[in-house]
Amino acid sequence: MDGGTSRPASPVVRPCIFPSTTLLGSHAAERAYFHDAYSVVLRRPEASVADLFFAVFGHRPAWMKYMMIARNKAASLYGIGAPSVAEILHPEIKPSYRVGEKIGAWPIFGLTDTELVAGRDNRHLDFRLSILKATDGPATQLVVSTVCFVHNRYGALYLSIIVPFHKWGVQRLMSNAVRAGRL
């Protein structure tokens, strides 16, 4: 017994079905070489999608930032475009965003009140990251989904190396954001 006070269960980041309502299109996951999606109940449903992007991806631990820098240096040897060191270490946070601008290190491809789609197109692969506020009954969920389209064997090889880190990293960043009260 806890004396009448109980702690609410900690929200859990869960793998989920790729959202059919995404700006990426309902068939994006079917066409993609790789896709995933993770969800968590939002405690801050009033937050903008840009705020939610930075709540998750704007708080990477230093070791993760330096791993991304090393990955980007290696990827650039194979013609894969990558963000600059400054964009990783010190992302610019602006009061508002538009399609075509960058958020963090990635160009914005789609933006509504409920979804932000960012990513990068490269010679070997294209990827998109969606930050979606989805209503599920009385709760609003954050769904972070990724799709990758490969253009050649280098893109497939790159993904075979990166995907395990991606899956672990996205879930960890989302969990950290929940624990810190940013979501």
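The values are calculated or read from the model by the stated rules, or taken from the named source; none is laboratory data. The structure presented is a predicted model; accordingly, all values stated were derived computationally and were not measured. Note that each Cβ is placed from the backbone with ideal geometry, even for glycine, and that neighbours are counted across all protein chains shown.
Within the stretch 138-164, take every residue that is over 25 Å from Asn176 (Cα atoms) and of a type outside the set (Ser, Thr, Tyr) and give me the one that is surrounded by the most Cβ atoms within 10 Å (Cβ to Cβ).
Filtering the stretch 138-164 down to residues over 25 Å from Asn176 (Cα atoms) leaves 149-158, 160.
Keeping just the survivors that are of a type outside the set (Ser, Thr, Tyr) gives 149-153, 155-157.
On the way: Phe149: 17, Val150: 19, His151: 14, Asn152: 10, Arg153: 9, Gly155: 22, Ala156: 15, Leu157: 14.
Filtering the stretch 138-164 for residues that are over 25 Å from Asn176 (Cα atoms) and of a type outside the set (Ser, Thr, Tyr), the one surrounded by the most Cβ atoms within 10 Å (Cβ to Cβ) comes out as Gly155.
For Gly58, work out the one condition from (1) modelled with pLDDT of 95 or more; (2) within 17 Å of the chain's Cα centre (by Cα) it doesn't fulfil.
Result: Gly58 fails condition (1) only.
Quick grid of which residues meet (1) under 14 Å from the mean Cα position of the chain (by Cα); (2) under 23 Å from Met68 (Cα atoms); (3) surrounded by fewer than 19 Cβ atoms within 10 Å (Cβ to Cβ):
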{"residue": "Pro95", "(1), (2), (3)": "no, no, yes"}
{"residue": "Glu101", "(1), (2), (3)": "no, yes, yes"}
{"residue": "Thr112", "(1), (2), (3)": "no, no, yes"}
{"residue": "Leu116", "(1), (2), (3)": "yes, yes, no"}
{"residue": "Asp121", "(1), (2), (3)": "no, yes, yes"}
{"residue": "Phe127", "(1), (2), (3)": "yes, yes, no"}
{"residue": "Ala134", "(1), (2), (3)": "no, no, yes"}
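Of all residues in the stretch 39-63, count the ones that are of a type outside the set (A, V, I, L, M, F, W, C) and crowded, with 20+ Cβ neighbours inside 10 Å.
The initial filter retains those residues of the stretch 39-63 that are of a type outside the set (A, V, I, L, M, F, W, C), namely 39, 43-46, 48, 51, 58-61.
With the extra rule that they be crowded, with 20+ Cβ neighbours inside 10 Å, the set shrinks to 39, 60.
Within the stretch 39-63, residues that are of a type outside the set (A, V, I, L, M, F, W, C) and crowded, with 20+ Cβ neighbours inside 10 Å number 2.
Filter the stretch 62-92 for residues that are under 23 Å from Val143 (Cβ atoms) and assigned to a loop (DSSP other than H, G, I, E, B) and give the result.
Matches in the stretch 62-92: Pro91 only.
Residues checked against (1) at pLDDT 95 or above; (2) over 16 Å from Phe18 (Cβ atoms); (3) in a strand (DSSP E or B):
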position	(1), (2), (3)
Gly110	yes, no, yes
Asp113	yes, yes, no
Val117	yes, no, yes
Arg123	no, yes, no
Ile131	yes, no, yes
Leu142	yes, no, yes
Val147	yes, no, yes
Leu159	no, yes, no
Arg172	no, yes, no
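Let's see how each residue does on (1) free of Cβ contacts under 8 Å to residues at least 40 places away in the same chain; (2) in contact with a Gly (Cβ under 8 Å, 6 or more places away or on another chain); (3) farther than 18 Å from Leu111 by Cα:
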site	(1), (2), (3)
Phe53	no, yes, no
Val56	no, no, no
Lys65	yes, no, yes
Lys73	yes, no, yes
Val85	yes, no, yes
Ile93	yes, yes, no
Ser96	no, no, no
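Out of all the residues in the stretch 35-61, which are of a type in the set (Val, Ile, Thr) and part of a helix (DSSP H, G or I)?
Filtering the stretch 35-61 for residues of a type in the set (Val, Ile, Thr) gives 40-41, 49, 56.
Val49, Val56, listed by residue number.
Which of (1) of a type in the set (Val, Ile, Thr); (2) farther than 16 Å from Leu42 by Cβ; (3) within 13 Å of the chain's Cα centre (by Cα) does Val144 not meet, given it meets every other one?
The number of the failed condition is (2).
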